[in-house]
Amino acid sequence: MKRPSRGYIYVATGEGYVALAARSAKMAKAQSPGIEIDLYTDREYHFPQFDRIHVLPDAWYRSKIDGMIATRFDQTIYIDADTLILADISDIFDVLGRFDMAMAHDQGRNGDWAQTLWREEIPHAFPQFNSGIVAFNKSEEVLSFLKDWKTAVQETKSRQDQNILREMAWKSSLNFGVLPEEYNLMYFRVVERWGAPHAAPRVIHSPRLHHHFTKKSRRNGISSLEELVGPLASEKIRDMIRADHSLAKRAGRTAERPSSRIELWRRRAEIAVRALFYYAGLRKTEGFE
């Protein structure tokens, strides 16, 4: 039986978002060297991290749905531009052997956007999916679902799409898999309280990554994991990646043992000193590209 083609896609329009997508794709390519990555965008760009760049004929504010519909892969993982890919996420493809689509739940489930309904009430126990990471099979049923999603978003003339996605998924006969939060982590401050049993974040997803060109209050872009989450959290995330058993197994290495209590406190002290220098502006941030 022929193995299905697999790849990641990004959809971004405008120089700012395309630059973010290119940085995220560069990280994704480093974590999954054999993966093919495509970009769907509004005009011609040249970035070596993309295997193919497709120009969308009629770009709009939810062109990501067009990119999903147009994908050339049998199995696709769509990734938002405002993400940092910290580890290999290609194991999501294995989930598509069982499910038609797979996404993580929206983590801000009590926020106004997450509580916004489309047409009818749905149980809170069936929350919104976050559409920043969307894995799907290219089947007639899934493509029909995506086309209906696009039509509904355009008809509502709203910039929200996840409330519509939620209701459509609730009523759909498709099988939806739920990815754990480490594959699309938006509330990343919680990492500082995580311990050894917690899985390492694979993807950090943050709108703060594009605030330098979408918000007047911020002029400088965030160029590193450390700048986004802070020195303590960034060091913790790197430790968790090294200690993650699933990531280690896929990479053919042994997961590092958790540090001893003495070593842990020594390293915390070192990180605290680094943090003081960092926040005092006396050291350069290290790029996480």
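Given the criteria of a type in the set (Phe, Trp, Tyr), surrounded by 17 or more Cβ atoms within 10 Å (Cβ to Cβ) and touching a Phe, Trp or Tyr at 6+ places or on another chain (Cβ under 9 Å), does residue 188 qualify?
Details: of a type in the set (Phe, Trp, Tyr): yes; surrounded by 17 or more Cβ atoms within 10 Å (Cβ to Cβ): yes; touching a Phe, Trp or Tyr at 6+ places or on another chain (Cβ under 9 Å): no.
Considered against the rule, which asks whether it is of a type in the set (Phe, Trp, Tyr), surrounded by 17 or more Cβ atoms within 10 Å (Cβ to Cβ) and touching a Phe, Trp or Tyr at 6+ places or on another chain (Cβ under 9 Å), residue 188 comes out as no.
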Within the range 148-202, tally of residues that are of a type in the set (Lys, Arg), modelled with pLDDT of 95 or more and not in a helix (DSSP H, G or I):
1
Filter result (surrounded by 21 or more Cβ atoms within 10 Å (Cβ to Cβ) and closer than 27 Å to residue 225 by Cα) within the range 47-68:
50, 64
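Taking the options 44, 15, 36, name whichever one is open to solvent by 40 Å² or more (accessible area, probe 1.4 Å) and touching a strand residue (DSSP E or B) at 6+ places or on another chain (Cβ under 6 Å).
Working: 44 fails: touching a strand residue (DSSP E or B) at 6+ places or on another chain (Cβ under 6 Å); 15 fails: touching a strand residue (DSSP E or B) at 6+ places or on another chain (Cβ under 6 Å).
36 is the lone residue from the list that is open to solvent by 40 Å² or more (accessible area, probe 1.4 Å) and touching a strand residue (DSSP E or B) at 6+ places or on another chain (Cβ under 6 Å).
Looking only at the range 1-36, filter to residues that are polar (S, T, N, Q) and either part of a helix (DSSP H, G or I) or under 16 Å from the mean Cα position of the chain (by Cα) (or both); which one of those is nearest to residue 67 (Cα to Cα)?
Just the residues of the range 1-36 that are polar (S, T, N, Q), to begin with: 5, 13, 24, 31-32.
Checking the rest, the ones that are also either part of a helix (DSSP H, G or I) or under 16 Å from the mean Cα position of the chain (by Cα) (or both) come to 24, 31-32.
Numbers: 24: 17, 31: 23, 32: 21 Å.
If we take residues in the range 1-36 being polar (S, T, N, Q) and either part of a helix (DSSP H, G or I) or under 16 Å from the mean Cα position of the chain (by Cα) (or both), then 24 is nearest to residue 67 (Cα to Cα).
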Within the range 45-52, does at least one residue satisfy the condition of being free of Cβ contacts under 8 Å to residues at least 40 places away in the same chain, in contact with a helix residue (DSSP H, G or I) (Cβ under 8 Å, 6 or more places away or on another chain) and of a type in the set (S, T, N, Q)?
yes
If residue 220 meets every condition in (1) out of contact with any His (no Cβ under 7 Å at 6 or more places or on another chain); (2) part of a loop (DSSP other than H, G, I, E, B) apart from one, which number is that one?
(1)
When residue 221 is evaluated against the numbered criteria (1) closer than 26 Å to residue 248 by Cβ; (2) open to solvent by less than 80 Å² (accessible area, probe 1.4 Å); (3) over 17 Å from the mean Cα position of the chain (by Cα), which criterion, by number, is the only one it fails?
(1)
Please state which of the following conditions residue 253 fails to meet, knowing it meets all the rest: (1) of a type in the set (D, E, K, R); (2) open to solvent by 90 Å² or more (accessible area, probe 1.4 Å); (3) at pLDDT below 90.
(3)
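Among the residues of the range 204-217, is any of a type in the set (S, T, N, Q), part of a helix (DSSP H, G or I) and open to solvent by 50 Å² or more (accessible area, probe 1.4 Å)?
Applying the first criterion (of a type in the set (S, T, N, Q)) to the range 204-217 yields 206, 214, 217.
Still in the running and part of a helix (DSSP H, G or I): 214.
With open to solvent by 50 Å² or more (accessible area, probe 1.4 Å) added as a condition, the list becomes 214.
Checked the range 204-217: at least one residue is of a type in the set (S, T, N, Q), part of a helix (DSSP H, G or I) and open to solvent by 50 Å² or more (accessible area, probe 1.4 Å).
Among the listed residues 93, 145, 136, 99, identify the single one that is part of a loop (DSSP other than H, G, I, E, B), among the aromatic types (Phe, Trp, Tyr) and modelled with pLDDT of 95 or more.
Numbers: 93 fails: part of a loop (DSSP other than H, G, I, E, B); 145 fails: part of a loop (DSSP other than H, G, I, E, B); 136 fails: part of a loop (DSSP other than H, G, I, E, B).
The match here is 99.
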Number of positions in the range 147-170 that are open to solvent by less than 30 Å² (accessible area, probe 1.4 Å) and acidic (Asp, Glu):
2
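Given 98, 62, which one is among the basic types (Lys, Arg) and either touching a Leu at 6+ places or on another chain (Cβ under 9 Å) or over 26 Å from residue 13 (Cβ atoms) (or both)?
Numbers: 62 fails: either touching a Leu at 6+ places or on another chain (Cβ under 9 Å) or over 26 Å from residue 13 (Cβ atoms) (or both).
Going through 98, 62 in turn, the sole match is 98.
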Looking at (1) under 18 Å from the mean Cα position of the chain (by Cα); (2) assigned to a strand (DSSP E or B), can you tell me which one residue 54 breaks?
(1)
Candidates 89, 79 - the one that is in contact with a Phe, Trp or Tyr (Cβ under 8 Å, 6 or more places away or on another chain), over 20 Å from residue 153 (Cα atoms) and in contact (Cβ under 8 Å) with a residue 40 or more places away in the chain
89
Subset of the range 102-130 (residues that are surrounded by 21 or more Cβ atoms within 10 Å (Cβ to Cβ) and not in a loop (DSSP other than H, G, I, E, B))
102, 103, 104, 129, 130
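The values are calculated or read from the model by the stated rules, or taken from the named source; none is laboratory data. If you're wondering where the values come from, they're calculated on a predicted model, not measured in any experiment. Every residue, glycine among them, receives a Cβ derived from its backbone with ideal geometry; neighbour counts consider all protein chains shown. Remember, those area values only see protein heavy atoms, side chains included, never the ligands or the DNA or RNA. Shrake-Rupley method; radii C 1.70, N 1.55, O 1.52, S 1.80 Å.
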